[in-house]
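The structure appears right after this line, and notes come after that.
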């Protein structure tokens, strides 16, 4: 049994403290009774109740949920297909260009992706609104799904698939009965990552949305620019809770078969 | 059978394989659907950005003229070429603002990448050294903030860094300062925000490399009389280089174009190129100049992106 040295333990403790302290502080202050965000006035849920009256915020949150659901569902299907193409179809023509188009969006600065998609939508005369945001988010997040599913596909034993095919199982059915159940944890992880990326995105949504179509991050951003407000602490805490529950649930689901890597 | 039975060919990837187009129609669909999606919504938009960046501002104000009128045939293509102009690039070259924005973005990205390596390496190293049963939990703890909203994480720092925020309260309670210090709207705040936001991107690939490190290599080095610090530099660090490279690029490239962190935490006197592009587009409504800014940014980043792709696809094939 290996033990962690004091240096390593310190590095871990400091690293995790740095990662979590700001989030914990934000959550605690969302329960602050005082309107002054820097003065502690006792525990209270008044800012959560205040959110219920903020119809614009609620509308933006619902819109964001819809956009995130639609785009992550699409991205999961397209991303899984791309992962299959990359790992199961050997060398097809255009494979290099394909892999370039999958990895580039992962690191491409969002301002560029956002601007270029907007110019496309204008060029083809598509009315901008939630539908264009969904297309934009699908494009970005499907690449993350591909990377996660691909690492899972590359990691498992292909002899199961080969055995099924040798016994005369058609490719489509082999995929549904053998491959898909095996890669399911990675597909779910990919879906959740796509969902949370979409729920989170400010820059690409700002470029590709149209008049009247406001997502939650756009709404939060316009409030945050004016300074810290306790209501914003409350909505942020709710978002953090939603994402944390989803991620922990996904990791419990994936525990049986191991997790796909996120990078 | 052919598409799925190619394991042997994949193993000897150095051997040139003849191009083998997928045969069945379902295989074609699996390739074509995501392929066409990415061509339509990732590749083509770039060509449009390039085209708009070569348009004159007057004709390219939204809604701008058709990008290319193919119906007009040869004449249309001639008009298209005749309409190109380098005016927007001349604007970029003539105004110092753009040059300094690019320079500042590259500097900020380079400095924060170095800080990220220095901060991320000890964490990833400690994770990889931790007892095996702790590792999934530690991995989860590092990944979890990465899933929470970027915007929220940057916003959380405004709470802490503002003038009467927690940082100043803590420092004065400890008697370290008499006057509250200014943290917000400084470069320090930008660096804190960037390191905070991108730390998981650095730790994860580094951890993936370090975890694979075989202990027996270090034991062998020790048996042969190699001091521990030397074994660290000659064994551990070289083996961690692929992860280090991937992590550094995964941070450096997006930070160059970063908008949210400098906008919310930084001052208004110096801007990064992402903010400049945002202002050209949203405030000045000058789409052609914004496009030219984007094109130059892509040109600056194309090298690092190519290296990143190379590292990533090699990593997948070696697994």
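The values are calculated or read from the model by the stated rules, or taken from the named source; none is laboratory data. All of these numbers come straight from a predicted model, not from anything done at the bench. FYI the Cβ positions are ideal-geometry reconstructions off the backbone, even for glycines, and counts take in every protein chain you see.
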Selection from segment A:28-44 of residues that are under 15 Å from residue A:238 (Cα atoms) and within 9 Å of chain B (Cβ to nearest Cβ)
A:29
Give the residue, chosen from A:104, A:100, A:136, that is in a helix (DSSP H, G or I), modelled with pLDDT of 90 or more and closer than 25 Å to residue B:256 by Cα.
A:136
Output the qualifying pairs, or none if there are none: Cβ atoms under 7 angstrom, residues six or more apart or on different chains, first residue in segment B:136-157 and on the phi > 0 side of the Ramachandran plot, second residue part of a helix (DSSP H, G or I).
none
Select the helices (runs of 4 or more DSSP H) contained entirely in segment B:76-186, then report the ones holding at least 1 residues which are more than 8 Å from chain A (Cβ to nearest Cβ) and in contact with a strand residue (DSSP E or B) (Cβ under 7 Å, 6 or more places away or on another chain).
none
Of all residues in segment A:111-140, count the ones that are within 7 Å of chain B (Cβ to nearest Cβ) and in contact (Cβ under 8 Å) with a residue 24 or more places away in the chain.
5
Quick one: would you say residue A:228 is at the interface with chain B (Cβ under 10 Å from one of its Cβ atoms), under 29 Å from residue B:258 (Cα atoms) and outside any loop (DSSP other than H, G, I, E, B)?
no
Could you tell me whether residue A:77 is closer than 30 Å to residue B:248 by Cβ and within 17 Å of the chain's Cα centre (by Cα)?
no
Kindly indicate whether any position in segment B:160-180 is under 29 Å from the mean Cα position of the chain (by Cα), over 23 Å from residue B:108 (Cβ atoms) and surrounded by 15 or more Cβ atoms within 10 Å (Cβ to Cβ).
no
Considering only helices (runs of 4 or more DSSP H) fully contained in segment B:205-313, which possess at least 1 residues that are within 30 Å of residue B:188 (Cα to Cα) and touching a helix residue (DSSP H, G or I) at 6+ places or on another chain (Cβ under 8 Å)?
B:237-256, B:260-265, B:273-278
Collect the residues in segment A:1-57 that are within 29 Å of residue B:141 (Cβ to Cβ), free of Cβ contacts under 8 Å to residues at least 12 places away in the same chain and not in a helix (DSSP H, G or I), keeping them in residue-number order.
A:1, A:2, A:3, A:4, A:5, A:38, A:40
Could you check segment A:170-222 and list, in sequence order, the residues that are in a loop (DSSP other than H, G, I, E, B), facing chain B (nearest Cβ under 10 Å) and farther than 28 Å from residue A:85 by Cα?
A:202
Sole residue being buried (at least 16 other Cβ atoms within 10 Å of the Cβ) and within 8 Å of another protein chain (Cβ to nearest Cβ), chosen from A:61, A:68, A:100
A:100
